[in-house]
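Below: the structure, in structure tokens.
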Amino acid sequence: MSEQLINQTMNGFNLDALVETVDAIKQTPTLAQFEFRATNQWINGGENRSRIKEFYGAGQEDESRLEAFELTNGEPPVLLGANEGANPVEYLLHALAGCVTTTTVVHAATRGIRIKSISTKLIGQIDLQGFLGLNNSVPVGYENIQIEMDIKADCSDEELNQLLSFAKEHSPVCNTICRPVPVTLRRVS
């Protein structure tokens, strides 16, 4: 990164803090280990509520959040709910959009690319026959997801294409859903 970018912000990120964070992780790789947590409580029907507050990262328990984030999962009437909140597969699209966007913005900053605007549309197709156990040849989750990103930045088309390819490969949420990730489900009581 050029010296002129030091002591500046780019795309809303403090570049000094970004460089310090990357250098700290290079020197002490265990600082990169994070554990995120969520709890969930069923309310009724398709409604349930997740609580997100505590996490471990940078070598310690985080204490920066005074209040928990609460997210209500629901279902639309056509899926037997009352629109109590977005449904979980919609939250997955939200998580994917947010992660790909943030990854793009962070890595643009490290490359000295100023982002002018980003808006993203995600479309995912699901056949409920898999979820309902009616057809074993139908996937249970999304069959595919398309991400359409409208991005304006102060760089060439080639640099932008390289940035987006890198962001897709390095977005933790995108990477998680694009590869098999072991998930365990166990009864605790």
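Give me the compactness ratio for the range 1-149, meaning the Cα radius of gyration over 2.2 N^0.38 Å.
Values: Rg = 19.9 Å, N = 149, 2.2 N^0.38 = 14.7 Å.
Ratio of Rg to 2.2 N^0.38 Å for the range 1-149: 1.35.
Given 37 °C and 0.692 mPa s, how large is the Stokes-Einstein diffusion coefficient of the range 24-84 in µm²/s, with Rh as the Kirkwood radius over Cα pairs?
Numbers: Rh = 13.8 Å.
In µm²/s, the coefficient rounds to 237.
Got a number for the accessible area of Arg65? Probe 1.4 Å, square angstrom, nearest 10.
So the heavy atoms of Arg65 present about 70 Å² to solvent.
Determine the share of the range 90-156's accessible area contributed by carbon and sulfur atoms, expressed in whole percent, with a 1.4 angstrom probe.
Numbers: 2070 of 3860 Å².
Carbon plus sulfur share of accessible area: 54 percent.
Within the chain, which whole H helices from DSSP have a Cα span along their axis of at least 30 Å and a mean Kyte-Doolittle hydropathy of -0.5 or more, if any?
Details: long enough: 88-110 (33 Å, 0.92).
Those that pass (Cα extent of 30 Å or more, hydropathy at least -0.5) are 88-110.
What is the magnitude of the charge dipole of the chain about its Cα centre, with +1 placed on the Cβ of each Lys and Arg, -1 on the Cβ of each Asp and Glu, and no other charges, expressed in debye to the nearest 20?
In total the dipole reaches around 360 debye.
Projected onto the charge dipole of the chain (+1 at Lys/Arg Cβ, -1 at Asp/Glu Cβ, origin at the Cα centre), which of Leu96, Ala32, Gln129 gives the Cα projection farthest towards the positive end?
Farthest along the dipole direction, towards plus: Gln129.
How large is the charge dipole for the range 41-85, taken about the Cα centre, if only the Cβ atoms of Lys, Arg (+1) and Asp, Glu (-1) carry charge, to the nearest 20 debye? Provide the component values of the computation, followed by the final result.
Numbers: 4 positive and 9 negative charges, 21 e Å.
The calculated dipole for the range 41-85 is roughly 100 debye.
Can you list which of the GluC sites (Glu not before Pro) found in the range 1-109 are DSSP loop residues with at most 11 other C-beta atoms within 10 Å?
Numbers: sites: Glu3, Glu20, Glu35, Glu47, Glu54, Glu61, Glu63, Glu67, Glu70, Glu84, Glu90; in loops: Glu54, Glu63, Glu67, Glu84.
Answer in residue order: Glu63, Glu67.
Got a sec? Charge dipole of the range 91-171, +1 on Cβ for Lys and Arg, -1 for Asp and Glu; which of Val106, Leu160, Gly141 is way out at the positive end?
Result: Val106.
At a Förster radius of 25 Å, what calculated FRET efficiency corresponds to the Cβ-Cβ distance of Ala58 and Glu169, to the nearest 0.05?
Details: r = 24 Å, r/R0 = 0.95.
With a Förster radius of 25 Å, E is 0.60.
Quick one: accessible area per residue over the range 71-119, 1.4 Å probe, rounded to a whole number of Å²?
Working: 2440 Å² over 49 residues.
Each residue of the range 71-119 exposes 50 Å² on average to a 1.4 Å probe.
How much accessible area per residue does the range 1-70 have, counting only protein heavy atoms and a probe of 1.4 Å, in square angstrom? Can you show the working numbers first?
Details: 5370 Å² over 70 residues.
It amounts to 77 Å² per residue over the range 1-70.
The values are calculated or read from the model by the stated rules, or taken from the named source; none is laboratory data. Just so it is clear, the structure is predicted and the values come from calculations on it, not from any experiment. Cβ: placed from backbone, ideal geometry, glycine included. Neighbour counts: every protein chain shown. Ligands, DNA and RNA are stripped out before the accessible areas are found, and what is left, the full protein with its side chains, is counted by its heavy atoms. Shrake-Rupley method; radii C 1.70, N 1.55, O 1.52, S 1.80 Å.
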